[in-house]
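*Asks:* I have a structure I would like to understand better, so I am pasting it below and will then ask my questions one at a time.
Nothing in this text is a laboratory measurement; each read-out follows from the coordinates by a stated rule. Values in this document were obtained by computation on a predicted structure and should not be read as measured data. Don't worry about glycine lacking a Cβ; one is built from the backbone with ideal geometry, like all the others, and counts go over all protein chains shown.
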Amino acid sequence: MTSNPSSSTTLQPTAAHRYPQGGLVDLATRLLQTAGLDADKAACVASYLVAADAMGHSTHGLALMPLYLDALASGGMTPSGSYHVLNDRGSCITWEGKRLPGAWLIHQALDLAMDRVAQHGVVTVAMGNCHHTGALAVYLPRVAERGYVVQLQCSSPGASGIAPFGGTRALFTPNPVAAAYPTQGDPVVMDISSSITTLNSARQLKARGERFPKAWAMDAQGNPTDDPDVVLSGQGSLLPVGGTDHGHKGYAMALLNEAMTQGFSGQGRADQPKGMSLSVLVQVTDPAAFAGLDAFTRQTQWTADACRANPPLPGGPAVRLPGQAGLAKQRAAAVDGVPLIGSVVNSLRVYGRKLGVDLAVLG
């Protein structure tokens with residue numbers, strides 16, 4: 001990660017042009033494949049990167065392409081082969097990810113979990129030593145739309161950016177957790193992290209010469225600051241969810257995430273990994289193993305309706321559900337094209353020319 005982080009408060013630039021979704025997936029696939037990634041993995045990673053942009057997670061969309069292409073060139077991302085199965089008890093599976101693309105590993109884990117969940121009710125896959133995963137939210141709708149509950153979380157034990165509450169030295173990464181569940185309509189899709197914002201957001205702000213809208217970080221002396229460079233320079237850290245007042249809540253989230261991802265995979269900070277090495281936990285649950293899907297969606301739909309019917313703040317918009325805006329953006333992008341800001345388009349052009357890949361889709 002970086003931060004993997006997908007989650008939490010992200011900052012969306014406004015100036016963007018739209019490009020055809022299929023064309024962007026094809027371009028991203030060809031860039032990754034030309035850089036050496038297996039064809040099936042390249043197509044998988046490309047589709048999820050573009051899906052992130054389509055859903056509005058611009059910090060974790062095609063903006064990540066330079067990171068991935070550079071990792072392929074340096075050997076930081078494994079371009080071919082498969083994971084190693086460390087343990088398989090049917091409903092509990094553990095993989096060594098071998099630094100293969102996180103998007104491909106998560107896709108494979110979800111496919112396996114959905115294949116087995118009707119038999120076991122709950123299927124959990126723990127993975128260590130994965131490369132970057134991108135935005136967690138993009139993996140979830142296809143699972144929830146099949147009537148399953150899905151949870152996904154990851155941590156990056158080779159990196160740091162958030163201090164434990166009460167401390168001043170960065171230790172954790174944003175440690176995101178994402179989940180989705182079915183209703184009688186659209187699924188509810190949530191993607192949050194244990195920090196107020198992500199390291200990728202900080203990087204993009206610094207590149208644009210901008211600052212956080214509020215004091216979302218602190219310096220090495222514990223003073224709140226809106227300067228993203230304090231974090232990126234290693235002279236400070238992002239604040240946990242709850243900030244300086246209630247940051248013990250984000251701290252607890254980070255601790256639980258690390259236990260679930262690193263403890264279950266057996267690979268984490270105790271090993272002091274270097275570089276991009278993520279620990280991931282994937283879990284799929286079948287409501288049919290409990291009170292049944294109809295009973296489940298009867299309850300979730302009632303709550304969803306009650307939330308949307310709740311009186312809004314004075315002058316504010318209607319209450320919405322987690323994922324509602326992202327799913328709407330995704331549907332719009334399928335028709336109108338995927339929004340990309342100029343800096344992302346320019347980086348695609350640079351790498352496209354370097355790799356000899358046709359850039360016609362960018363105009």
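*Asks:* With an 8 Å Cα cut-off and a minimum separation of 6 or more residues, compute the relative contact order for segment 24-128 in percent.
*Replies:* Result for segment 24-128 is 22 percent.
*Asks:* Which lysines, on any chain, are close to residue 214 with Cα under 28 Å apart, when same-chain ones fewer than 8 places away are left out?
*Replies:* Here the lysines satisfying the reach criterion relative to residue 214 are 206, 249, 329.
*Asks:* Taking neighbour Cβ counts within 10 Å as the exposure measure, how do 347, 237, 193 sort from fewest upward?
*Replies:* Lowest to highest Cβ neighbour count: 347, 237, 193.
*Asks:* Calculate the length of the line joining the C-alpha centroid of segment 268-329 to that of segment 161-200, in whole Å.
*Replies:* The two parts, judged by their Cα centres, are 12 Å apart.
*Asks:* Can I ask one more? Distance in nm between label sites at residue 307 and residue 359, each 7 Å beyond Cα in the beta-carbon direction?
*Replies:* Inter-label distance under the simple model: 4.1 nm.
*Asks:* Non-local amide H neighbours of residue 19 (under 5 Å, H modeled in plane, Pro and chain starts lacking H): which ones?
*Replies:* 338, 340
*Asks:* Sticking with this one: Return the long-range amide H neighbours of residue 196 (sequence gap of 5 or more, or a different chain), with a cut-off of under 5 Å between placed amide H atoms.
*Replies:* 239, 241
*Asks:* Per residue of segment 168-183, what does 6.51 cos²θ - 1.76 cosθ + 1.60 with θ = phi - 60° give for ³J(HN,Hα)? Whole Hz please, x for Gly and Pro, Karplus curve as stated.
*Replies:* For segment 168-183, the Karplus-derived couplings read 10, 9, 4, 10, 8, 9, x, 6, x, 9, 10, 8, 8, 8, x, 10 Hz, x marking Gly and Pro.
*Asks:* Can you give the extra length, in nm with one decimal, that the chain gains between residue 40 and residue 336 once fully stretched, where that is 0.36 nm per residue apart less the Cα-Cα distance?
*Replies:* In short, 103.9 nm is gained.
*Asks:* Below 8 Å between Cα atoms, with a sequence gap of 6+, how large is the relative contact order for segment 224-317 in percent?
*Replies:* Across segment 224-317, relative contact order equals 12 percent.
*Asks:* Next up: What residue among 32, 86, 136 shows peak mean-square fluctuation when the chain is described by a Gaussian network model with Cα springs under 10 Å?
*Replies:* Of 32, 86, 136, the Gaussian network model singles out 86 as fluctuating most.
*Asks:* Quick one: order 298, 211 by neighbouring beta-carbon count within 10 Å, fewest to most.
*Replies:* Listed from fewest to most nearby Cβ atoms, that is 298, 211.
*Asks:* Right, something else. Please name whichever of 235, 303, 76 sits farthest to the positive end of the charge dipole of the chain, dipole taken about the Cα centre and charges placed at Cβ: Lys and Arg +1, Asp and Glu -1.
*Replies:* Of the candidates, 235 comes out farthest on the positive side.
*Asks:* Please work out whether segment 68-195 counts as rounded, prolate or oblate from its C-alpha gyration tensor, where a ≥ b ≥ c are the square roots of the eigenvalues and a/c under 1.5 means rounded, while otherwise a/b larger than b/c means prolate and anything else oblate?
*Replies:* Oblate, since a/c reaches 1.5 and b/c is not below a/b.
*Asks:* How much length is gained if the chain between residue 119 and residue 288 is pulled fully straight, taking 0.36 nm per residue apart and subtracting their Cα-Cα distance, in nm to one decimal? Please list the in-between numbers first.
*Replies:* Values: separation 169, 0.36 × 169 = 60.84 nm, distance 1.04 nm.
In short, 59.8 nm is gained.
*Asks:* If neighbour count is taken as other Cβ atoms inside 10 Å, put 18, 89 in order from fewest to most.
*Replies:* Lowest count first: 89, 18.
*Asks:* Treating only the Cβ of Lys, Arg, Asp and Glu as charged (+1, +1, -1, -1), what charge dipole size does segment 190-244 show about its Cα centre? Round to the nearest 20 debye.
*Replies:* Working: 5 positive and 6 negative charges, 21 e Å.
For segment 190-244, the charge dipole is close to 100 debye.
*Asks:* Mind listing the long-range amide H neighbours of residue 171? Cut-off is under 5 Å, sequence gap 5 or more, other chains count too, H placed in the peptide plane at 1.01 Å from N.
*Replies:* Under 5 Å from the amide H of residue 171 lie the amide H atoms of 161, 162, 163, each far enough along the sequence or on another chain.
*Asks:* Moving on to the next point. Would you please classify the overall shape of the chain from the alpha carbon gyration tensor, given that a ≥ b ≥ c denote the square roots of the eigenvalues, rounded means a/c under 1.5, and beyond that prolate means a/b larger than b/c while oblate covers the rest?
*Replies:* It is rounded, given that a/c, with a ≥ b ≥ c, falls under 1.5.
*Asks:* Sum -39500 (n - 2.57) across every DSSP H segment of at least 4 residues in the chain, then divide by the residue count to get the 222 nm mean residue ellipticity, nearest 500.
*Replies:* Helices in the chain give a 222 nm mean residue ellipticity of -11500 deg cm²/dmol.
*Asks:* Summing +1 for each Lys or Arg and -1 for each Asp or Glu, what net charge is found among the other residues whose Cβ lies under 9 Å from the Cβ of residue 217?
*Replies:* In short, -3.
*Asks:* Provide the per-residue ³J(HN,Hα) series for segment 105-112, in order, calculated from phi with Karplus coefficients 6.51, -1.76, 1.60 and θ = phi - 60°, each as a whole number of Hz, with x at glycine and proline positions.
*Replies:* Coupling constants for segment 105-112: 5, 5, 4, 5, 5, 5, 4, 5 Hz.
*Asks:* Still on this structure, I have one more. Using alpha-carbon pairs under 8 Å, 6+ residues apart, how would you state the relative contact order of the chain in percent?
*Replies:* Contact order relative to length: 25 percent.
*Asks:* Still on this structure: Quick one: 3J(HN,Hα) in Hz for segment 337-351, Karplus 6.51/-1.76/1.60 with θ = phi - 60°, rounded, Gly and Pro as x.
*Replies:* x, 9, x, 9, 7, x, 5, 5, 4, 4, 5, 5, 5, 4, 6
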